[in-house]
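The values are calculated or read from the model by the stated rules, or taken from the named source; none is laboratory data. Since the model is a prediction, treat every value here as computed from it, not as a measurement. So basically every Cβ, Gly included, is an ideal-geometry build from the backbone, and we count neighbours across all protein chains shown. Ligands, DNA and RNA are stripped out before the accessible areas are found, and what is left, the full protein with its side chains, is counted by its heavy atoms. Shrake-Rupley method; radii C 1.70, N 1.55, O 1.52, S 1.80 Å.
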Amino acid sequence: MGKRIRFIFFALFFGGIGCRIFQVNLWYPSPKVWTGELQDSVQVGNYSITFTDWQWADGTLLQELCPGYCMILDENGMEYPAEREKVGLITLKIRKREEDESILNLTGIAFESGAWGNQFDMELMYLLNPQLEGLRLRMEKGDCREIIFPMTMLDLQFAEKEWERIDERELYIVLEYYPEKLQFRCGD
């Protein structure tokens with residue numbers, strides 16, 4: 001009799017959880033995913049965003065572009081070795097299509113690769129874009145801007161085997177997550 005009651009209890013318990021998961025997925029479905037490539041454009045409100053350039057290298061790329069910039073210090077207080085850093089520079093061209101008072105909010109831009117995700121380094125982004133006053137853009141019709149978003153990775157964020165194959169991973173810059181996930185695939 002005790003086994004039967006436990007079976008009924010667990011069946012009701014897990015059945016209830018399954019119904020709740022189904023209900024949540026019904027109310028909040030997974031978003032459709034749009035993926036663009038280099039030179040593709042996507043419309044976000046009254047703005048057109050074009051993925052115009054992609055650079056991928058180790059940390060020496062940052063040393064060339066931003067002399068004196070240090071991403072992180074090692075355990076001895078020295079600058080982290082450039083060969084143990086990876087940097088992706090994504091250039092987006094943003095154009096205002098229609099005249100209105102809308103604002104394009106770029107603060108939610110993120111980077112993904114499998115289960116790994118990160119946002120851009122804000123300090124580095126402003127070093128690469130000194131003309132930029134903020135990430136909530138209010139532009140006039142026909143105005144155009146290019147913004148470089150830096151994606152940084154350290155070997156500390158990955159297992160050794162994953163880091164050895166880091167150049168083979170598919171990387172994405174994600175503009176929006178919901179109601180439609182808008183992303184560009186970085187790389188060749």
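For ASP74, what accessible area in Å² do you get when you roll a 1.4 Å probe over the heavy atoms of the protein chains, rounding to the nearest 10?
The accessible area of ASP74 comes to roughly 40 Å².
Quick one: pull the percent of accessible area on the range 27-98 belonging to carbon and sulfur, 1.4 Å probe, ligands and nucleic acids left out.
Values: 1940 of 3990 Å².
Ligands and nucleic acids excluded, carbon and sulfur give 49 percent.
With the Cα gyration tensor of the range 77-185 giving a ≥ b ≥ c as the square roots of its eigenvalues, does the rule (a/c under 1.5 for rounded; else a/b larger than b/c for prolate; else oblate) give rounded, prolate or oblate? Mind showing how you got there, number by number?
Values: a/c = 2.90, a/b = 1.78, b/c = 1.63.
Verdict is prolate for the range 77-185.
Working out 0.36 nm times the residue gap between ASP53 and LYS93, then minus their Cα-Cα distance, what length gain in nm do you get to one decimal? All intermediate terms of the calculation are to be shown ahead of the outcome.
Details: separation 40, 0.36 × 40 = 14.40 nm, distance 0.92 nm.
Between ASP53 and LYS93, full extension yields an extra 13.5 nm.
Quick check for you: with a 1.4 Å probe and neighbouring chains kept, what is the accessible area per residue of the chain, in Å²? Can you show the working numbers first?
Details: 11700 Å² over 188 residues.
Result: 62 Å² per residue.
Pop out the ³J(HN,Hα) list for the range 119-132 in order, Karplus 6.51 cos²θ - 1.76 cosθ + 1.60 with θ = phi - 60°, rounded to Hz; leave Gly and Pro as x.
Each residue of the range 119-132 in turn: 9, 6, 7, 4, 4, 5, 4, 6, 5, 6, 10, x, 7, 7 Hz.
Please compute the length gained on full extension between TRP163 and THR35, using 0.36 nm multiplied by the number of residues separating them and subtracting their Cα-Cα distance. All intermediate terms of the calculation are to be shown ahead of the outcome.
Numbers: separation 128, 0.36 × 128 = 46.08 nm, distance 2.47 nm.
Residue separation times 0.36 nm, minus the Cα-Cα distance, leaves 43.6 nm.
Running a GNM on the chain with Cα contacts under 10 Å, which residue among GLU123, GLU176, GLU146 ends up with the highest mean-square fluctuation?
GLU123
Could you work out [θ]222 nm for the chain from helices alone, using -39500 (n - 2.57) per DSSP H run of at least four and dividing by all its residues? Round to the nearest 500 deg cm²/dmol. Write out the running numbers ahead of the final one.
On the way: 4 runs with 44 residues, N = 188.
That calculation yields -7000 deg cm²/dmol at 222 nm.
Note down the accessible area of ILE8, probe 1.4 Å, to the nearest 10 Å².
Per-residue accessible area (ILE8): approximately 90 Å².
Any chance you could run the full-extension gain for GLU101 through TRP27? It's 0.36 nm times the residue separation minus the Cα-Cα distance, nm to one decimal. Could you put the intermediate results ahead of the total?
Details: separation 74, 0.36 × 74 = 26.64 nm, distance 3.15 nm.
Fully extending the segment from GLU101 to TRP27 adds 23.5 nm.
With springs only between Cα atoms under 10 Å, which of VAL24, VAL174, VAL44 fluctuates most in a Gaussian network model of the chain?
Of the options given, VAL24 has the highest mean-square fluctuation.
Mind pulling the angle between the C-alpha long axis of helix 2-27 and the longest principal axis of the chain? Nearest 10 degrees, somewhere in 0 to 90.
40
Using the Cα centre as the reference, give the magnitude of the dipole from point charges on the C-beta atoms of the chain (Lys, Arg: +1; Asp, Glu: -1; all else neutral), rounded to the nearest 20 debye. Before the final figure, lay out each step's value.
Numbers: 20 positive and 31 negative charges, 322 e Å.
Value, rounded to 20: 1540 debye.
Cut-off 10 angstrom, C-alpha nodes, Gaussian network model of the chain. Which of GLU160, GLU75, GLU83 fluctuates the most?
In the Gaussian network model the winner is GLU75.
Please compute the net charge surrounding ARG165, taking Lys and Arg as +1 and Asp and Glu as -1 over other residues with Cβ under 13 Å from its Cβ. Before the final figure, lay out each step's value.
Details: positive: LYS86, LYS161, ARG169; negative: ASP155, GLU160, GLU162, GLU164, ASP167, GLU168, GLU170.
Here the count lands on -4.
Step through the residues of the range 80-94 one at a time and calculate ³J(HN,Hα) from phi using the Karplus curve (6.51 cos²θ - 1.76 cosθ + 1.60, θ = phi - 60°), rounding each to whole Hz and writing x for Gly and Pro.
Once rounded to whole Hz, the list reads 4, x, 4, 6, 9, 10, 10, 9, x, 10, 10, 9, 10, 9, 10.
Looking at the chain, send over the antiparallel percent of its DSSP beta bridges, to the nearest 5.
Values: 41 of 46 bridges.
Taking every DSSP beta bridge with both residues in the chain, the antiparallel ones total about 90 percent.
Looking at the range 81-136, which trypsin sites (Lys or Arg not before Pro) are DSSP coil and have at most 15 other C-beta atoms within 10 Å of their C-beta?
On the way: sites: ARG84, LYS86, LYS93, ARG95, LYS96, ARG97, ARG136; in loops: ARG97.
Filter output for the range 81-136: ARG97.
Read through the labelled values (1) 9, 34, 34, 18, 5, 1; (2) 8, 28, 27, 17, 11, 6, 3, 0; (3) 9, 29, 22, 16, 11, 7, 4, 2, 1, 0 and report the label of the one computed as P(r) over Cα pairs in 10 Å bins from 0, in percent from the structure.
Matching the structure shown: (2).
Of ALA115, PHE184, CYS144, which is farthest along the charge dipole of the chain in the positive direction, counting Lys and Arg as +1 and Asp and Glu as -1 at C-beta?
It is ALA115.
By accessible area of protein heavy atoms, probe 1.4 Å, what ranking do ILE17, ILE49 get, highest first?
Working: ILE17 70, ILE49 5 Å².
Highest to lowest solvent-accessible surface, that is ILE17, ILE49.
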